[in-house]
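Worksheet: one structure, shown below.
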Amino acid sequence: MAVCEVCGNDYDKSFEVVTAGNRHTFDSFECAIHLLAPVCEHCGCKIVGHGIEVQGRWYCCAHCARHREGEGVAVDDRV
Ligand SMILES: [Zn+2]
Ligand SMILES: [Zn+2]
């Protein structure tokens, strides 16, 4: 049994995620995404798939990255 650190739910099927050496406990992917997913710098949505990182800034898709960084940005669109 472990308590979700986002919503406080005490759930027997909770799971742990280790990211950059920090251990987190969640009861659902929704809570994990809420805490861990980066947010698109352009449209503000949670990035749950393969986001795009441009010099430390995260975007949900190449469209958003180009919109904010300019057409010249080298974007590897893996989405
Ligand atoms: Zn939760
Ligand atoms: Zn976006």
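The values are calculated or read from the model by the stated rules, or taken from the named source; none is laboratory data. Just so it is clear, the model here is predicted, and its values are computed rather than measured. Cβ coordinates were reconstructed from backbone atoms using ideal geometry, including for glycine residues, and neighbour counts include every protein chain displayed. Remember, those area values only see protein heavy atoms, side chains included, never the ligands or the DNA or RNA. Shrake-Rupley method; radii C 1.70, N 1.55, O 1.52, S 1.80 Å.
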When every residue in region 27-68 that is of a type outside the set (Lys, Arg), under 30 Å from Val3 (Cα atoms) and touching a helix residue (DSSP H, G or I) at 6+ places or on another chain (Cβ under 7 Å) is compared, the one most open to solvent (accessible area, probe 1.4 Å) is Val48
Cβ pairs under 8 Å, 6+ apart or interchain, first in region 12-35 and on the phi < 0 side of the Ramachandran plot, second of a type in the set (D, E, K, R) and surrounded by fewer than 10 Cβ atoms within 10 Å (Cβ to Cβ), ordered by first then second residue, are Glu16/Arg23; Val17/Arg23; Asp27/Lys13
Of the residues in region 5-26 that are surrounded by 13 or more Cβ atoms within 10 Å (Cβ to Cβ) and among the hydroxyl-bearing types (Ser, Thr, Tyr), the one that is nearest to the chain's Cα centre (by Cα) is Thr25
